[in-house]
1. Scan segment A:19-44 for residues that are at the interface with another protein chain (Cβ under 7 Å from one of its Cβ atoms) and either at pLDDT 85 or above or closer than 24 Å to residue B:15 by Cα (or both) and jot them down.
2. Could you check residue B:250 against (1) open to solvent by 70 Å² or more (accessible area, probe 1.4 Å); (2) modelled with pLDDT of 85 or more and say which number it fails?
3. Which residues, counting only those in segment A:33-67, are free of Cβ contacts under 8 Å to residues at least 12 places away in the same chain and more than 16 Å from residue A:110 (Cβ to Cβ)?
4. Where in segment B:1-97 are there helices (runs of 4 or more DSSP H), lying fully within it, with 3 or more residues that are within 9 Å of another protein chain (Cβ to nearest Cβ), modelled with pLDDT of 70 or more and open to solvent by 100 Å² or more (accessible area, probe 1.4 Å)?
5. So which of A:60, A:47, A:77 is within 12 Å of another protein chain (Cβ to nearest Cβ) and more than 28 Å from residue A:132 (Cα to Cα)?
6. If the requirement is being modelled with pLDDT of 70 or more and over 19 Å from the mean Cα position of the chain (by Cα), which of these qualifies: A:139, A:171, A:160, A:105?
7. For segment A:10-32, which positions are free of Cβ contacts under 8 Å to residues at least 40 places away in the same chain and either touching a Cys at 6+ places or on another chain (Cβ under 8 Å) or open to solvent by 60 Å² or more (accessible area, probe 1.4 Å) (or both)?
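The values are calculated or read from the model by the stated rules, or taken from the named source; none is laboratory data. All values reported here derive from a predicted model rather than from experimental measurement. In this analysis, Cβ positions are derived from the backbone assuming ideal geometry, glycine residues included, and neighbour counts consider all displayed protein chains. These accessible areas exclude ligands, DNA and RNA; they are computed on the full protein's heavy atoms, side chains included. Shrake-Rupley method; radii C 1.70, N 1.55, O 1.52, S 1.80 Å.
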Amino acid sequence: MRPALGLLAFGIAALVVQSVAAVHLPAALVPNLSLLVAVTLGLHLEAAGGLVVAGALGYAADLFSGSLLGQHALLRALTCAGTRLANRGLDLRRFLPLAVFAALLTLSEAAAVGGLTQLFAGRAVFDRALAAVLGQQVLVNALAAPLVCAAASRVVRWTLPEESTRRSVRLAPRRPVI
Amino acid sequence: MRELLIRLRVPILLAAIVFATGVSMLSDRRAQREDGERGGWSALLLEIAVPVQKTLELPLSVARHGFSRYVGLVELHDENERLARRIAELEEENLQYREALVESGHLQRIVEMRGEFETPMRPAQVVGQDVSPWFRSVLLDRGRSRDVRSGMPVVTDRGVVGLVTATTAHAARAMLLLDRESAIDAVVQRSRARGIVRGTGTQELEFVFVVRGDDVREGDEVITSGVGGVYPKGLRVGTVRAVEAGEELLLHTARVEPAVDFGRLEQVFVMLRRGPTMDLLYSGDGDLPAVASVEESP
């Protein structure tokens, strides 16, 4: 419970930082922190808790965005679920797989945002001009993903009770001496 | 049965989230059409976020202003002397104009006209940008408590910024002119060629106009036409940067550079008026207070 709350607070703080950073930097150069936090939720929390926190975080992202209320909530929950599935086959705690996964996720999210906006609001989000923005976003998110994941790991470690952070030592059964 | 539910809790939860968010998107779309006011949890979260964002924004803003001021100091002395000379010239010129107007009795008429047409404006600070790069909106630190309502135009001294689309008691979200959903009826100031200025999602705008000879040229100023009842007439929208022949014979497109620098948007003004179209679109949040009472409030 504590790691979930800790990551929720971390995610909301990341949203506020992202929103303020976008005032001072070009939009394409600001990493999509809420998306990357949703990835860390899939890596650090158990399935149900991760989905709930990701949904809540996405809902908060919808308030800071011109998107429809619920659009980011759906996408963050799917991101969290997708991360859990991908983590079964790939070791997403390592730099390269995580960076590649974040890049693919950015592309998928852009497609999903376009599809949902078209479906619910009847307007197109993307054209050729936004393709360049998307390319920069892919790169920025891929580079930022390992950093966000490392920060989230720290948050999880801080919030876990002390006993659970101790490593359990597995003792090999004593072999019979002949 | 209970074991089955426990085993399937994750797929059930995911399905519930998909369903809930789908309903939320549909109802939000309807709310946007009827009334952009936020309530409940969403309002609470925005109310908390705005002061936090203002606090976070402060050191960044101070650093940026500090740097630009330092750079500006280099040429400040010369600039100061030049401006002092210019002010003296203008003051003299102004005195002559005033004298002439008072003499002809026009000044009183101008004062009356200002009282009749001037729209009260509420200054607001931009405390956050859209967290999604695919939408273009900003978060403002003024809301319903300061008479800001959905459908009100947002401007700066340079020109049109956008439109308020959602409000809480102390915050408002404004859709920028750059958003793909944004569209303004506009005219070219020189030739009066009329068309629609649309957001493209990038830093550029698109002006779609009906071809009548060589009506639109590079460098032309584009202003609001007042038609459509959203923005008042005569506000600057941008400058034509390039004219492109469209595929259709009657319609051409021009690329327009916005008058407002959206990358450096900090202070804006919400015009405390809603055009007739917006009043019809947004229903149910009551009449605006009289101009006098708006100006009196802090």
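1. Within segment A:19-44, A:34 is the sole residue that qualifies.
2. (2)
3. Quick first cut of segment A:33-67, residues free of Cβ contacts under 8 Å to residues at least 12 places away in the same chain only: A:46, A:48, A:62-63, A:65-66.
Once the filter is applied, which keeps residues that are free of Cβ contacts under 8 Å to residues at least 12 places away in the same chain and more than 16 Å from residue A:110 (Cβ to Cβ), segment A:33-67 yields A:46, A:48, A:62, A:63.
4. Working: elements: B:2-7, B:9-34, B:40-73.
Once the helices (runs of 4 or more DSSP H) in segment B:1-97 are filtered for at least 3 residues that are within 9 Å of another protein chain (Cβ to nearest Cβ), modelled with pLDDT of 70 or more and open to solvent by 100 Å² or more (accessible area, probe 1.4 Å), nothing remains.
5. Values: A:60 fails: more than 28 Å from residue A:132 (Cα to Cα); A:77 fails: more than 28 Å from residue A:132 (Cα to Cα).
Answer to the selection: A:47.
6. Details: A:139 fails: over 19 Å from the mean Cα position of the chain (by Cα); A:171 fails: modelled with pLDDT of 70 or more; A:105 fails: over 19 Å from the mean Cα position of the chain (by Cα).
One residue alone meets the criteria, A:160.
7. Answer for segment A:10-32, where residues must be free of Cβ contacts under 8 Å to residues at least 40 places away in the same chain and either touching a Cys at 6+ places or on another chain (Cβ under 8 Å) or open to solvent by 60 Å² or more (accessible area, probe 1.4 Å) (or both): A:17, A:25, A:26.
The rows are residues; the columns are (1) crowded, with 21+ Cβ neighbours inside 10 Å; (2) over 30 Å from residue B:140 (Cβ atoms).
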residue: A:49; (1), (2): no, yes
residue: A:64; (1), (2): yes, no
residue: A:77; (1), (2): yes, no
residue: A:90; (1), (2): no, yes
residue: A:93; (1), (2): no, yes
residue: A:98; (1), (2): yes, yes
residue: A:117; (1), (2): yes, no
